[in-house]
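Scroll down for the structure; my scribbles are underneath it.
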Amino acid sequence: MGERSRWIADLDALPGDAPDLADRVLTRLVDAGIVLAGRTDCVLGDAPGGYAPGPAAGSVAMGDPAGFPDVWPNGLEIDVGRGAYYGTMREDDRVRCPRCGAWLPFETVLDAVEEWLEGGPAALVCARCGERTGFNGWRWPVPCAFAELGLRFWNWPPLADAFVADLAAWLGHRLVAGSCGV
């Protein structure tokens, strides 16, 4: 079985606020029984562990709450710091300028994203109209977000829209949700 992550990225979290916001979100999810408090080896990647599904994990997913998968990895990873979140894209996918509709091939955009992840600017310049627009302002072929705070739910069923909307309202921030197969 391939790994899949469901993700939620906070477009409004600022670098200085992201650690505190991450703590607040974790506390809320633990208090609701969605994840367990202690870190375990339940996520992939370089994270120092994640948070295993709690007894109410199924309540935030679409489908049958009793059908929550019992696989590894299956926890919540909280990412603080610059992160790129996007679904499965092909090399020939195109990213479109929000102003004039001109497109850039996704493979070209990857260099700019890598530069941003290493501290560079978070914008692309359109070759046609010359407009400089932040990554989150471009039109992507699949849900994409570039953020200082992100939540990755490893191998969880699709997250319920109501859960994402409730979290956005509670934070007072714009959130983008998506998934990625690994």
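The values are calculated or read from the model by the stated rules, or taken from the named source; none is laboratory data. All values derive from a computational prediction rather than experimental measurement. Quick reminder, even Gly has a Cβ in these numbers, built from the backbone with ideal geometry, and neighbours come from all protein chains shown. Surface areas here come from the heavy atoms of the whole protein model, side chains and all, with no ligands, DNA or RNA. Shrake-Rupley method; radii C 1.70, N 1.55, O 1.52, S 1.80 Å.
Report relative contact order for the chain in percent, whole number only (criteria: Cα-Cα under 8 Å, sequence separation at least 6). If you can, show how the numbers build up before the last one.
Details: 369 pairs, mean separation 68.5, N = 182.
Computed value for the chain: 38 percent relative contact order.
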The range 5-66 - charge dipole about Cα centre, Lys and Arg +1 at Cβ, Asp and Glu -1, debye rounded to 20: 180 debye
Reported to the nearest 10 Å², MET62 has, with a 1.4 Å probe, an accessible area equal to 100 Å²
For the range 94-173, what's the relative contact order in percent, using C-alpha pairs closer than 8 Å and at least 6 residues apart? 24 percent
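For the chain, with every protein chain kept in place, what is the accessible area per residue (1.4 Å probe, Å²)? Walk me through the intermediate numbers first.
Values: 9090 Å² over 182 residues.
Normalised by residue count, the accessible surface of the chain is 50 Å².
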Rg over Rh [alpha-carbon atoms, Kirkwood Rh] for the chain: 0.99
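Mind ordering 97-107, 135-145 by average Cβ neighbours within 10 Å, highest first?
On the way: 97-107: 15.1, 135-145: 17.5.
Final packing ranking: 135-145, 97-107.
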Using +1 on the beta carbon of Lys and Arg, -1 on that of Asp and Glu, and nothing else charged, what's the dipole of the chain about the Cα centre, debye to 20? 560 debye
If I model a spin label at LEU14 and ARG139 as a point 7 Å from the Cα along the Cα→Cβ vector, what separation in nanometres do I get? 3.2 nm
Most packed first (mean Cβ within 10 Å per residue), the peptides 128-134, 159-165 order as 159-165, 128-134
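From the square roots a ≥ b ≥ c of the eigenvalues of the alpha-carbon gyration tensor of the range 1-56, which class results: rounded (a/c under 1.5), prolate (a/b over b/c), or oblate?
Details: a/c = 1.73, a/b = 1.24, b/c = 1.39.
Taking the square roots of the gyration eigenvalues as a ≥ b ≥ c, the range 1-56 is oblate.
Could you please report the charge total around ALA18, scoring K, R as +1 and D, E as -1 over all other residues with beta-carbon less than 15 angstrom from its beta-carbon? The partial results should precede the final answer.
On the way: positive: ARG24, ARG82, ARG152, ARG174; negative: ASP10, ASP12, ASP17, ASP20, ASP23, GLU77, ASP79, GLU148.
After counting each charged neighbour, the total is -4.
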